[in-house]
Amino acid sequence: MTVVGAGFYGSTTAQRLAEYDIFEEVVLTDIIEGKPEGLALDMNQSRPIEGFETKVTGVTTTPAGEGYEAIAGSEIVIITAGLPRKPGMSRMDLLEVNAKIVRGVAENVAKHAPSAVILVVSNPLDEMTALAQLASGFPRERVIGQAGVLDSARFTDNLAQAAGVEVAQVSALTLGSHGDTMVPVPSQSTIGGRPIAEVLPAEKVDELVTRTRNGGAEVVALLKTGSAYYAPSAAVARMAKAVHEDSGAVFPVCAWVDGQFGISGVYLGVQASLGAGGIKEVVETPLTDTELAGLREAAEAVRAKQADVQNL
């Protein structure tokens, strides 16, 4: 199990995975010399306190590929590498700089861990997922983006706070892309088992949808340096756990869509069953006509952007 990138997102993800205590080893890599080794040492020294045996190994890598031999045989590789957003930046502002980073990482993963499932979290998410698949040459079911788990969690938390209920009483779903064309799915969202339209007025739901769509930017604006990592790391760690355990659990993820929902040939936020080997099946969630139209619109918006990554 490997996490590429030892920033806040990557290191928190590595810690969550280690504390699950289901992996023999979690390898944490970074290009900043000594940083992953230092973090790994710190995490390993928490093992007697938290009671887990998973070993964390820190490895410094170089853009030329040195150090990547440590990831050999990894079952899952999570790519967090790349620059985070700064206040005022969109996810798309990161496209060119992060494309070079993600391409280099994906090529090294293909070289040293050719059987791995790749989970991408670098932004802009939809485009970086498509690029990682192209650069690695892996089957599309083995390259997956994390977005919907996070967006759905943000939507759930926003709804729970607005309704004044526990988050466990809310079930909410978002599909589409990670960003402006996120598609909330009210027909599959409930509060206390009731449709959200019966609990909250439509204008309030619309307000919460907008807040969810801009959830990452809200965190970035408050932090001023860096971006969200607690909720995002929780999301991708759960996905990795499902792949490792071959659970077949269904998550909203960025997956290759080929015919489902009348959409073909694009990475898109949909629900999918995860297990050994990555995507087991894309689940055709029942959608209203309005929701389906929104999903198809999102598909066309990200399709054009994903076509551009081939040259990056």
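Taking amide H positions as modeled 1.01 Å from N, with prolines and chain starts lacking one, the residues under 5 Å from Val117 and 5 or more places away or on another chain are Ile76, Val77. Per-residue 3J(HN,Hα) values for segment 256-270, derived from phi via the Karplus relation 6.51 cos²θ - 1.76 cosθ + 1.60 with θ = phi - 60°, read 6, 10, 9, x, 5, 6, x, 10, 9, x, 7, 7, 8, x, 9 Hz in sequence order (x marks Gly and Pro). Coordinate range of the alpha-carbon atoms in segment 228-279 per principal axis, descending: 34, 27, 13 Å.
In this rough spin-label picture, where each label sits 7 Å from Cα along the Cβ direction, the Glu66-Glu297 distance is 5.1 nm.
Read phi for every residue in segment 15-24 and hand back ³J(HN,Hα) as whole Hz from Karplus 6.51 cos²θ - 1.76 cosθ + 1.60, θ = phi - 60°, with x for Gly and Pro. In residue order, the calculated couplings are 5, 4, 5, 5, 6, 4, 6, 10, 10, 5 Hz. For the chain, DSSP calls about 55 percent of its internal beta bridges antiparallel.
In this structure the amide hydrogen of Val283, modeled in the peptide plane, comes within under 5 Å of the amide hydrogens of Gln271, Ala272, Ser273, none closer than 5 places in sequence on its chain.
Would you give the gap between the C-alpha center of segment 101-117 and the C-alpha center of segment 139-177, rounded to a whole Å? Distance between centres, Cα-based: 28 Å.
May I ask you to derive the relative contact order of segment 109-241, considering only C-alpha pairs under 8 Å and at least 6 residues apart, and to give it as an integer percent? After rounding, I find 20 percent. Scoring 218-230, 294-306, 171-183 by mean Cβ neighbours within 10 Å over their residues and listing the highest first yields 171-183, 294-306, 218-230.
Relative to the dominant Cα principal axis of the chain, helix 230-245 is inclined by about 70°. Other residues whose C-beta falls under 13 angstrom from the C-beta of Gly67 contribute a net charge of -3, scoring Lys and Arg +1 and Asp and Glu -1.
Placing unit charges on the Cβ atoms only, positive for Lys and Arg and negative for Asp and Glu, gives segment 1-119 a dipole magnitude near 520 debye about its Cα centre. Using the Cβ of Ser189 as centre and a radius below 14 Å, the other residues enclosed give a net charge of -2, where K and R count +1 and D and E count -1.
When a/c is below 1.5 the answer is rounded, else prolate if a/b is larger than b/c, else oblate, so apply that to segment 142-258 with a ≥ b ≥ c taken from the square roots of the Cα gyration tensor eigenvalues. Since a/c reaches 1.5 but b/c is at least a/b, the shape of segment 142-258 is classed as oblate.
Site pair Asp246 and Asp206 shows an inter-label distance of 4.9 nm when each label is modelled 7 Å from Cα along Cα→Cβ. Spatially close Lys pairs in the chain, defined by Cα atoms under 29 Å apart and a spacing of eight or more places or different chains, total 24. You can think of it this way: the chain between Ile32 and Asp180 has 50.0 nm of extra reach, that is 0.36 nm per residue less the Cα-Cα gap. Here the peptides 1-12, 111-122 are ranked by packing, the mean other Cβ count within 10 Å, and the order with the highest first is 1-12, 111-122. Please give the helix 289-308 orientation as an angle from the longest Cα principal axis of the chain, in degrees from 0 to 90, rounded to the nearest 10. For helix 289-308, the angle is close to 30 degrees.
Projecting the Cα atoms of His112, Ile101, Gly88 onto the charge dipole of segment 54-118 (Cβ charges, centred on the Cα centre) puts Gly88 farthest toward the positive pole. Compared with the dominant Cα axis of the chain, that is its longest principal axis, helix 148-163 is turned about 50°.
Of the accessible area of segment 166-308, computed with a 1.4 Å probe over protein heavy atoms only, carbon and sulfur atoms account for 51 percent. Averaging the Cα positions of each part gives two centres, and for segment 182-240 and segment 255-312 these lie 19 Å apart.
3J(HN,Hα) along segment 97-103, derived from phi through the Karplus expression 6.51 cos²θ - 1.76 cosθ + 1.60 where θ = phi - 60°, amounts to 5, 6, 4, 5, 5, 5, 4 Hz, with x in place of Gly and Pro.
Please give me the summed charge of the neighbours of Phe155: other residues whose Cβ is under 10 Å from its Cβ, Lys and Arg +1, Asp and Glu -1. Value of the local net charge: +1.
The values are calculated or read from the model by the stated rules, or taken from the named source; none is laboratory data. All figures in this text were calculated on a predicted structure; none of them were measured in a lab. Note that we place each Cβ from the backbone using ideal geometry, even for glycine, and neighbour counts take in every protein chain shown. These accessible areas exclude ligands, DNA and RNA; they are computed on the full protein's heavy atoms, side chains included. Shrake-Rupley method; radii C 1.70, N 1.55, O 1.52, S 1.80 Å.
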